[in-house]
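Values quoted throughout were computed directly from the atomic coordinates according to the rules given, and no laboratory measurement underlies them. These numbers were taken from a predicted model, which means no experiment stands behind them. Quick reminder, even Gly has a Cβ in these numbers, built from the backbone with ideal geometry, and neighbours come from all protein chains shown.
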Amino acid sequence: MTADKEFPGTPLSDEDVSQGKVLITETDPNARYAWDAGIAIGRFLAELKKGRIVGRRCHRCRRTMVPPRMFCEQCFRPTDEWVYLADSGRVNTYSISYIRWDASRVEEPTIPAVIEIDGASKGMGIMHLLGGVKPEDVQMGMRVKAVWKPARQREGSILDIRYFRPY
Amino acid sequence: MPDRVAIVGVGHTQFRATSPGVSYKELMFEAATRAYADADLDPRRDIDSFVCCSEDFSEGTSIFDEYVPDQIGAALRPVHTISGDGLQGLAAAHMQILTGAFDVVAVEAHSKTSNILTPHHVLALALDPVFVRSLGAHPHFVAGLEMSRYLAESGTSREQCGQVVAKNRGNALFNDAAAYAADLEAEDVLQGEPAFWPLSRLDISAPADGAVVVVLASEARARALDVEPIWISGVGWCSDSFALDSREWGTAAYARLAAEQAYRQAGISNPRREIGFAEVDDTFSYKELQHLEALGVFRPGHAGLATEEGATQLDGEFPVNPSGGSLGVGHLGEANGLQKVVEVVRQLREEAGPRQIPDVEMGLAQSWRGVPTATGAVVILSRE
Amino acid sequence: MGLRRVAIVGAGMTKFMRRALETGRELSWQAASMALESCELTLDDVDGVVIGTGPDCFDGVHMKGEYLSDGCGAWQKPVMRGYVGGGTGVFSPIQGWYHVASGLFDVVLVVAEEKMSSCHPHPQGAFLTIFDNMLERPLEPNLIWIFALEMQRYMAAYGVSKRDIALVSVKNKRNALDHPCAQVAEDITVDDVLNSEVMVWPVNRLDVSPVSDGAAAVVLAAEHVAKRVTDKPVWIDGVGWHLDTAYWTNRDLYYPKYVEYAARMAYRMAGITEPRKQINVVEPYDPFSYKELHHLEGLLLCDKGEAPQLTADGVTQRNGDLPVCPSGGLMGVGNPIAASGLMKVSEIFWQLRGEAGKRQVPGKPTTGLAQAWGDLMQVGTVVVLRI
């Protein structure tokens, strides 16, 4: 690689595209899926509908895991039992987001977090949102509790929990 | 550095049109559990590297390799995914062991096609976005075009293709794991609902769900395990041009070139005589015949005749697709190649029960990545 | 260890651009041609091809490797595509390495390509689909959420400030001014970083590498061929890769253990026992400013929590004791996902051969390392190169 070698590639500007100066072909992919939840997540979602968080325990390594799984990834053996967990926990880490999934900006920030769930082994967290709290008041290690949708609105989804709120 | 690599364990789930009770992770866990039990290995201790075969759009998840390690015992281990079929994954594992840096490598592939609501639209995304997709045609038109060309060039008839369907779905009657066993006649296939002429609906293999895991080991490790090693004598893989307009339409050049590589390694000059049987891709009925000719098992134009004469039946002189092939077992996406390897291994180990071919010493597995690709691989396996 | 030796004998790359006129196939061809020309080999000399490319979702092309194969020189050849998310760029030469080290191939062409600009309205939206289909996607996460969560953990573990981290953006974007392919090279200050718009706190805009199109390629050769083709082969002496559990919310994100394991694998193979002393130049993966620090620690090039101090002391400048990202990294050159890792490998290749022009680190480095990372903060891929 010498300094005066010319490198290939032709950069385009936004205007080149928006003003139709280059030929563009558009496709709208029609890719739709309906995933089988399976045993572990099927049960997890069914329990969410009932307002409960459930985990799985491996008797060999004695970890109680959430999200639940039918196999222990450390021991490589089937997990042994369902364990009901609390719907509270501690904030392991959090951030304050001013952008949506599609990179557009929002006025009111969302607060994604990893929440270690009480009753599961140390460090066992799930991702969810914090709510009912000002971003500047969130602390690492803060205790939070799930705020659920009313029973009749729950569908068996991670969104059956609206968010976790400090308490 | 090892000179030889063996398959020391195989495992798979049932292959069924749907698998609603289990997630893809649970399917993978079952296949892995069976394979590791077959080899008597603990993946957390005994397996040095893992290779998974998948495509994002087949899963509905981007960077799908994120989700593979846990259920195959590979969490915090060397794992990588290839966007290719199971035989390419097996080739990758084979090479890793030949470097001398790895002794035992596991290969996994699965299909959860039942979870794709728009499978043909997803397949259409594999067509060239500028020149071909804009035609708005169902992607299987590519197979229809190729079949037309193949029949014309080789003199093969639709009836002979129908006989492939009848044979393979009939073989599946002896395979408990197969999804589409049936007692059919070639005439049923010809009378089948027209699909992409000259294909009828029955010429096209239907999708099935399932998972397969295969474990490879260096010669030294294979000998130390209490298993009957099945040796990898040769491997080859090849891609012809992706561009439909630049392709040879009649012959499957990728299969011929992949086979040449594998035959060279295995020291084979007359495949029909030296190899006892084969599992070849039959995604569409005519592909079995086209591939047999590309592999040099039959001369151009003679695979159809041989089929008609019963040479490729279970009790024929060169059985093809004893498992039932994709037509009988179900089309497993990237797992097709590994399902074929499992069948060859079972035959060589004399574990194929009612479909056991007597006195086999060497078998061939060949796969094709399907429409619209011109990519395929060949593996030759042998007993001691 | 008695393994067959494999060398990089040629390299090439395209400019990294927000939006290229060229298609992915054309970008691949440009990089591959350049790599072959640089060592005077042709496609006839190539026995096999390895392709590295990221999410098919960016292009809206299923089985993208097949689509790119012609442009990567794979016509009627054995070709394979490896895919480990952001780790792909450094994994692809590892995959090429095992092709050649197996004894089955003498010359392998490795091509890494990405064309993110095809994805509308914004490529970042495609990352929604990397999240867990059941438990995470319904929350509509943005990719940057998880980087911010990891950055927070890292900062909290050692009391690292945003000022400390911003020094990486400043260094790399300035280094990139000397890279002819750079997309976002500029001379900025720490305050510029801190004042740039907040995306997902604590990540500001100038903490993040851009979306890019681009390709890179290297030619690998077995020892007997390498010595014939060039008098400066760069040996791939160590390779390593590890993938951690998918359950990233069950892990402590402050430290990338999988990077450490990948590095140990590569160090063992390369006979490196004191990495900080024995490695002369490093290209760790820097898609975000804090990642350089996170990875330097994971690579065992400094103690846990020590990387910010190393940076503040100037140790990681080009003329420092351990130059880090002399290329300008992803922060300065750009981030076409798979191509960026191979750009780093190419940089080490050029540095060890004394061909890095204005970016050349002094002192005739003999041993270098390139590392990439990705997935859900899970995968580490490492190569150790020596001349």
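Only one of the numbered conditions (1) more than 10 Å from chain A (Cβ to nearest Cβ); (2) free of Cβ contacts under 8 Å to residues at least 24 places away in the same chain is not met by B:VAL5, and that is (2). If you go through the range C:334-387 and keep only what is away from chain A (no Cβ under 14 Å), part of a helix (DSSP H, G or I) and of a type in the set (Val, Ile, Thr), you end up with just C:ILE337.
For the range C:31-117, which helices (runs of 4 or more DSSP H) that fit wholly inside it have 3 or more residues that are of a type in the set (Gly, Ala, Ser) and in contact (Cβ under 8 Å) with a residue 60 or more places away in the chain?
Helices (runs of 4 or more DSSP H) meeting the threshold: C:88-101.
So, in the range A:20-39, exactly how many residues are farther than 28 Å from B:LEU123 by Cβ and at the interface with chain B (Cβ under 7 Å from one of its Cβ atoms)?
Qualifying residue count, the range A:20-39: 1.
Residues in the range A:97-138 that are out of contact with any Leu (no Cβ under 7 Å at 6 or more places or on another chain), more than 7 Å from every other protein chain (Cβ to nearest Cβ) and charged (D, E, K, R): A:ARG105, A:GLU107, A:GLU108, A:GLU116, A:LYS122, A:LYS134, A:GLU136, A:ASP137. Using the structure shown, decide if B:GLY376 is in contact (Cβ under 8 Å) with a residue 24 or more places away in the chain, surrounded by 19 or more Cβ atoms within 10 Å (Cβ to Cβ) and on the phi > 0 side of the Ramachandran plot. So B:GLY376 does not fit the description; no.
Go through C:TYR290, C:TYR285 for me and flag whichever is in contact (Cβ under 8 Å) with a residue 60 or more places away in the chain, over 21 Å from C:THR366 (Cβ atoms) and in contact with a His (Cβ under 8 Å, 6 or more places away or on another chain).
Answer to the selection: C:TYR285.
Conditions tested, residue by residue: (1) among the basic types (Lys, Arg); (2) within 12 Å of chain B (Cβ to nearest Cβ); (3) within 30 Å of C:ARG228 (Cβ to Cβ).
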| site | (1), (2), (3) |
| --- | --- |
| C:LEU36 | no, no, yes |
| C:GLU66 | no, yes, no |
| C:PHE105 | no, yes, yes |
| C:ILE130 | no, yes, no |
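Report yes if A:TYR84 is over 18 Å from C:PRO141 (Cα atoms), among the aromatic types (Phe, Trp, Tyr) and part of a strand (DSSP E or B), otherwise no. It is true that A:TYR84 is over 18 Å from C:PRO141 (Cα atoms), among the aromatic types (Phe, Trp, Tyr) and part of a strand (DSSP E or B).
The set of residues from the range B:138-160 being among the aliphatic types (A, V, I, L, M) and closer than 24 Å to C:GLY71 by Cβ comprises B:VAL142, B:LEU145. Counting the residues of the range A:28-55 that are of a type in the set (Val, Ile, Thr) and either surrounded by fewer than 20 Cβ atoms within 10 Å (Cβ to Cβ) or part of a loop (DSSP other than H, G, I, E, B) (or both) gives 1. Summed over the range C:1-30, residues that are surrounded by fewer than 24 Cβ atoms within 10 Å (Cβ to Cβ), touching a residue at least 60 places away in the same chain (Cβ under 8 Å), more than 14 Å from chain A (Cβ to nearest Cβ) and of a type outside the set (D, E, K, R) total 2. Count of the range B:85-130 residues, restricted to those that are more than 26 Å from A:ALA34 (Cβ to Cβ), among the small types (Gly, Ala, Ser) and crowded, with 24+ Cβ neighbours inside 10 Å, is 5. Quick check: is even one residue across the range A:8-18 free of Cβ contacts under 8 Å to residues at least 40 places away in the same chain, away from every other protein chain (no Cβ under 11 Å) and in a loop (DSSP other than H, G, I, E, B)? No - not one qualifying residue is present in the range A:8-18. Scanning the range C:318-333 for residues that are small (Gly, Ala, Ser), touching a residue at least 40 places away in the same chain (Cβ under 8 Å) and either out of contact with any Leu (no Cβ under 9 Å at 6 or more places or on another chain) or in a loop (DSSP other than H, G, I, E, B) (or both) returns C:SER327, C:GLY328, C:GLY329.
In the range B:8-17, the residue that is nearest to the other protein chains (Cβ to nearest Cβ) out of those that are buried (at least 23 other Cβ atoms within 10 Å of the Cβ) and hydrophobic (A, V, I, L, M, F, W, C) is B:PHE15.
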